[in-house]
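Here's the structure, in structure tokens; my notes come after.
The values are calculated or read from the model by the stated rules, or taken from the named source; none is laboratory data. None of these values were measured; they are calculated from a predicted model. Cβ atoms come from the backbone with ideal geometry, glycine included; neighbour counts cover every protein chain shown. For accessibility, only protein heavy atoms count, side chains too; no ligands or nucleic acids. Shrake-Rupley method; radii C 1.70, N 1.55, O 1.52, S 1.80 Å.
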Amino acid sequence: MNYFKPAVRALSVSIAAMGFTISAQSAAAQEISCGGPYTISSGDSLSGIAKRVYGSAADFQIIYSANVDAIGPNPGLISLGQQIYIPCLGGEAESDADESLIRKVVTTEQLAAPTGNGVRVVTATDWAPYFDESQEQGGMITELTNVALAAADGNPEYKIDFINDWGSHLQPLLTDHAYDFATAWYEPPCELIDQLGDDAKFRCNNFEWSDPMFEILLGYFGRANEPLPATHAELAGLSICRPDGYETFVLEEDGLVEPAITFGQEGLITGCMAGLLDGTYDVVVIAVDPGQGAVMELGAQDQIMLNEQLTKVMNLSPVIAKSNPRREEMLGMMNSGIAAIKADGQWFEIVNRHLSAHRAQTQ
């Protein structure tokens, strides 16, 4: 039998093709260990599996990252008899990324356009574990961008700058070609453009995204002592919070717009979570890892609960202006680098290392 390896992301193999017979074995009876395959049993969920393997249900993100191609866009939908790979935590290997290529730029003034074959990338901080100046290599996605460009076709020269004003990245920094890529941003569902707001329409009309750098889990957090809605439609009539400046198309694509809901914003993720605790909001919609970090910061682990049924995947990808004269060339380079690090195992090693470190810090 060929056991799965974390370097391979499409980890689901046909049960029939491998000659497996599905038994009536319960989820509780089947042993689980990291570093090998596991067959989904009746009653399983990714959070339940993570609780049994790692001791923390919150670590289902690590299992999902190793099996995203097999499971699909909803981590709450796994199938009886499906095989997944259970990675081990730790990520002891040191980073091979060249941190000298990450520059801490404090100005938000427009910079000169790049010249020659160089690729200029802008990012920002305060979104751990994905982007944060205080973290190793500037955070997980900063490092993924770094190693992807190092592995890209054409061996491009590149720089990654922290400019800590997220609102300036798409416009003017990308639209005026001061930077080539901003890493990394959600791609709106542009096929639904008629039901999206002005911000999402602007993005659809003016930017193009590379292949996904990371599939982030968008979480719906509610109060632990209240019933959790089973569908997005059941959120109608509730008050929903997103931090100020965060994309709203994640709600618009599911019809969660006023007056169907009451929409509120706070300056920080913790502000939304505090509003959830005091009854100002009924639901907080935020990426799972930063959301769980905010819950831990507030000491509200027993009061706030992630609704795993509504969790969905959002692609985070480097984005480039459609008006960039080297757009096709640069997208080709970025996509080649992303494919290379996913094929050789670097992608999962980096993801595992950063998520494991984040887990240790928030428990």
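Here are the numbers:
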{"read-out": "For a label point 7 Å along the Cα-to-beta-carbon line of residue 263, residues of the stretch 188-222 with backbone N under 11 Å", "value": "196-200"}
{"read-out": "In nm, spacing of pseudo-spin labels at residue 234 and residue 191 (7 Å Cα→C-beta vector)", "value": "2.7 nm"}
{"read-out": "Where 88, 272 fall by accessible area, highest first, once all protein chains stay in place (1.4 Å)", "value": "88, 272"}
{"read-out": "Sites residue 246 and residue 77, calculated FRET efficiency, Cβ-Cβ separation with R0 25 Å, nearest 0.05", "value": "0.50"}
{"read-out": "Max mean-square fluctuation residue, GNM over the chain, Cα-Cα springs under 10 Å, options 232, 169, 177", "value": "232"}
{"read-out": "Exposure ranking of 51, 201, 312 by accessible area [1.4 Å probe, largest first]", "value": "51, 201, 312"}
{"read-out": "Accessible-area value, residue 314, 1.4 Å probe, nucleic acids and ligands omitted, Å²", "value": "10 Å²"}
{"read-out": "Percent RCO, i.e. relative contact order, over the stretch 135-275, from Cα pairs under 8 Å lying at least 6 residues apart", "value": "19 percent"}
{"read-out": "Loop GluC sites (Glu not before Pro), the stretch 59-101, which have at most 11 other Cβ atoms in a 10 Å radius of their Cβ (DSSP)", "value": "92, 94"}
{"read-out": "Most to least accessible of 228, 218 (protein chains only, probe 1.4 Å)", "value": "228, 218"}
{"read-out": "Neighbourhood net charge (11 Å Cβ-Cβ; Lys/Arg +1, Asp/Glu -1) for residue 130", "value": "-4"}
{"read-out": "Whole-Å semi-axes of the chain's equivalent ellipsoid (Cα gyration tensor)", "value": "32, 27, 19"}
{"read-out": "Lysine pairs meeting the criterion (Cα under 23 Å, 8 or more apart or interchain), as found in the chain", "value": "9"}
{"read-out": "As computed over the stretch 180-241, the Cα convex hull volume per residue (Å³)", "value": "147 Å³"}
